[in-house]
Amino acid sequence: MKIRLNRFLSECGIASRRKSEEFILEGRVQVNGKTVIDLAFFLDPDTDQVALDGEKIKPQKKVYFLLNKPKAFITSTEDDKGRKTVLDLIETNQKIFPVGRLDYDTTGVLLLTNDGDFTNFLTHPSNHVPREYKVTLNKPLLEEDKLKLLKGITLDRRRSRFEAIKFPIRNRFDKLVVTTVEGRNHFVKNMFLALGYFVDELDRESFGGFTVKGIPKGGYRKLSYQEIKNIYDKYGK
């Protein structure tokens with residue numbers, strides 16, 4: 001599959017896409033021995049040879065991590081306030097980034113990778129990849145509000161809904177599990193807030209079928225290429 005040259009440079013860890021565009025326009029990038037200054041240039045990473053300032057660039061090996069995110073970690077590659085990020089929890093020489101976001105105080109399933117295609121596949125709304133969250137509310141959820149959340153409410157001027165709502169503990173209507181295919185920031189919290197509820201605890205139990213069962217908070221494991229292929233097979237068109 002062919003990709004843009006600036007994206008290739010970014011995924012190889014050379015620079016951001018914007019900075020990579022600067023390198024291209026400055027005439028510092030060669031493809032198969034020829035200088036390329038066209039920002040719309042596409043290449044085949046499997047067959048084309050790319051160099052920066054004459055030095056050959058080797059494509060990064062794709063890596064995938066499944067982290068059980070604890071509280072008090074920022075879902076980002078860096079933080080200007082000096083707070084710890086989820087990258088501090090993973091030992092790797094590769095330049096990786098989180099797939100989507102979990103809030104500072106939200107725990108559970110978080111995927112990290114250097115594969116931009118996989119990230120886009122998981123987070124693109126059209127693929128309807130499910131996320132499941134365990135929620136503790138500040139008060140019991142009324143049946144009428146449950147029905148509203150399942151039928152759909154207006155949030156950020158868009159029709160928004162949960163795919164499913166379950167109560168795993170008998171007669172405890174402040175503790176529930178919700179399923180959504182939405183990836184908007186603070187989506188679960190804002191859905192409940194729209195109906196007058198506050199989320200006291202939020203834990204993502206699964207994302208695309210990945211769970212952190214057996215992984216302690218702050219722990220992680222590498223995902224196999226077969227596991228990644230299974231996701232494409234399951235949710236791909």
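The values are calculated or read from the model by the stated rules, or taken from the named source; none is laboratory data. The shown structure was predicted, so the numbers you read here are calculated from the model rather than taken from an experiment. No Cβ is skipped: glycine too gets one built from the backbone with ideal geometry, and neighbour counts run over all protein chains shown.
Structure notes:
- Meets criteria (assigned by TED's automatic domain parsing to the domain that holds residue 188 and at pLDDT 95 or above) for residue 134: yes
- Test: residue in the stretch 191-214 that is under 19 Å from residue 102 (Cα atoms), under 20 Å from the mean Cα position of the chain (by Cα) and exposed (fewer than 15 other Cβ atoms within 10 Å of the Cβ): yes
- Count of the stretch 16-74 residues, restricted to those that are farther than 30 Å from residue 231 by Cα, in contact with a Phe, Trp or Tyr (Cβ under 9 Å, 6 or more places away or on another chain) and among the charged types (D, E, K, R), is 1.
- Filter pass, residue 57 being in contact with a strand residue (DSSP E or B) (Cβ under 9 Å, 6 or more places away or on another chain), closer than 15 Å to residue 13 by Cβ and among the hydrophobic types (A, V, I, L, M, F, W, C): yes
- Scanning the stretch 170-189 for residues that are over 17 Å from residue 125 (Cα atoms) and within 19 Å of the chain's Cα centre (by Cα) yields 178, 189.
- Screening 218, 196, 236, 152 for residues that are under 21 Å from residue 113 (Cβ atoms), at pLDDT 95 or above and not aliphatic (A, V, I, L, M) leaves exactly one candidate, 218.
- Filtering 47, 35, 85, 75 for residues that are on the phi < 0 side of the Ramachandran plot and touching a residue at least 24 places away in the same chain (Cβ under 8 Å) leaves a single hit, 75.
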